[in-house]
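I have placed the structure first, in the form of structure tokens, so that the comments after it can refer back to it.
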Amino acid sequence: MNEKISRRQLIKGAAAGAAAISGARVFNAPYIIAQEPNKKLRCAVIGCGGRGESFHVPAAAKETLVALVDPDPRRIEGALARAKKEGQDPAKIKTFADYRKFFQEMKGQVDAVFTATPNHHHALISMLAMQNGMGIYVEKPMSYDISEARILAEASKKYKVATQMGNQGHSGEGYRRLVEYIQAGAIGNITEVYHWCDTVNGGVGPRPATMPPPNGMDWDSWIGPAPYRDYHPDHVIKKADGKIEIGHMHPHKWHFWHDFGGGALGNRGCHIMDGAHWALDLNGPCKITLEDAYGGTDERFPFSSIIRWDFPQRGDRAPVKVWWYDGKKRDVVSNEPGDFFDSAAPAARVKPPILLELEKEYGKERFEGNATVYVGEKGMMYTGFYGGGVRILPEKLHKETPVPEAKFERIKGSHTDDFLRGVRDPSYKPCANFEVSAPMTEFTLLGVLAIKAGQGNTIEWDGNKSTNLPKINNHIKREYREGWKW
């Protein structure tokens, strides 16, 4: 049991249990809060497109939805329709284009805020919510830059309101069981971790030509604290049939742009890498390198990237290398505006070599599009998206390894329920509160910094406030646009 085994043995030995790799998620039973279980909280949703409408409006509607905020009236309209479908009266819901006005007018009238805006708004909204005594649930990552994450963690201690980052896997069974296995020494010292993500959040070419924003959209409010630019779409694609497709920045494609998002890593990293950060204490000094990238510009994230973090020994934890693989390589037609790439062209997914070995051994269907493999001295562990399907490889080792004692509280209900429990009960801290989530966000944003530094440039991070690359340091803390400072 204590002998080291080769990587090939780790992979080969798991065949008997390969079917278990794609294991189902663990769903927790509904949770009803004991304190004032019939009390309806007054909730607001800021950012009503995409996840705001599909996830946060229904969650808020289980309570009382009192306000919606979005600079695009089409998103407000869609959110009101969804609220009505969820049993809320749209006539009783106030609407705003600018969240600054919302906070001014509704102070004392809101208990909890759900936020699904572009990343560059997360920190300011969170700070305004805390300052106004409102619980705040913000999508991942909790901030646009590292400085903001640290400021929000300190502010959460000061204002003592419920906070939660939207990395749902942190409240699930999967990551908790993973951490318990790893900390119990199930696969020995871990020296390599591989994350992979099939999301493509990048582009090539210069900015498309400016145009008027969508009808009725408050573009200045959408830009918010970011550097101002006139409205332009994300892309203009010439389709195979000669038709032109225009992809607007709002509500999703802002992820592709450095001024507003974090690419695929910023979008998915706090989900997929949460287990490694938690289990291996991936904080403090490290080196980060963009090993490879395809596409991208000074303004746009690449179509695909390979990023490596190198952590030295941390106490009794062995040095570890952590990789992130994302996206696909696609055929670029030209770098001219209006013809960035052929969306019908073949696209090859970027995968870590260890995944290719595992797929060859057990079949591609055994491994999810977003997942992680931990390589230890005695074996491997696998988790899917949100930490689901936890498994030790090889299967023989999984069967021989005792199930570790449960060290972490099991969260009852959903990630949202956990947040609302904290809103109702000030003595309870939600599991992904800002003090917990700030270090996870920082870990992820260090990878985003590596993309900004460019391929082959190693960032040396001292865990403080600067790096060895002066041109990168201004990305650790950005300057807010006038009128949008806290």
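Ordering 458-465, 436-443 by mean Cβ neighbour count within 10 Å, with the highest value first, yields 436-443, 458-465.
Please list 471-484, 372-385 highest first by mean number of surrounding beta-carbon atoms within 10 Å per residue.
Ranking, from highest mean packing down: 372-385, 471-484.
May I ask you to order 56-66, 398-408 by the average number of other C-beta atoms within 10 Å around their residues, highest value first?
Working: 56-66: 22.2, 398-408: 12.1.
Ranking, from highest mean packing down: 56-66, 398-408.
Please figure out what share of the DSSP beta bridges in the chain is antiparallel and state it in percent, rounded to the nearest 5. If you can, show how the numbers build up before the last one.
Numbers: 43 of 68 bridges.
Of the beta bridges lying entirely in the chain, close to 65 percent run antiparallel.
In the structure displayed, which of K101/K429; K62/K412; K465/K485 lie more than 26 Å apart, Cα to Cα? Write out the running numbers ahead of the final one.
Values: K101/K429 29 Å; K62/K412 17 Å; K465/K485 20 Å.
Over 26 Å Cα-Cα: K101/K429.
Pairs of Cα atoms nearer than 8 Å and 6+ residues apart set the relative contact order; for the chain it is 23 percent.
With the charge dipole of the chain set up from +1 on Lys and Arg Cβ and -1 on Asp and Glu Cβ about the Cα centre, the Cα lying farthest toward the positive end among the listed residues G422, A91, A371 is that of G422. Distance between the 7 Å Cα→Cβ label points at V403 and K239: 5.2 nm. Here the contact order of the range 213-292, divided by its residue count and restricted to Cα pairs under 8 Å and six or more residues apart, works out to 15 percent.
The stretch between T297 and K84 holds 72.4 nm of extra length on full extension. This uses 0.36 nm per residue minus the Cα-Cα distance.
Simple spin-label estimate for W486 and K92 gives 3.1 nm between the two label positions (7 Å along the Cα-to-Cβ direction from each Cα).
Using the heavy atoms of the protein chains and a 1.4 angstrom probe, tell me the accessible area per residue for the chain in square angstrom.
Details: 19790 Å² over 486 residues.
Roughly 41 Å² per residue, with all protein chains present.
Give me the percent of accessible area attributable to carbon and sulfur for the chain, probe 1.4 angstrom. Carbon and sulfur together cover 50 percent of it. With each label modelled as a point 7 angstrom along the Cα→C-beta vector, the S6-K321 pair spans 1.9 nm.
The values are calculated or read from the model by the stated rules, or taken from the named source; none is laboratory data. From a predicted model like this one, the values you see are computed outputs, not experimental measurements. Positions of Cβ are backbone-derived with ideal geometry, glycine not excepted, and every protein chain shown enters the neighbour counts. Each accessible area value is taken on the protein alone, full model and side chains, heavy atoms only, with ligands, DNA and RNA left out. Shrake-Rupley method; radii C 1.70, N 1.55, O 1.52, S 1.80 Å.
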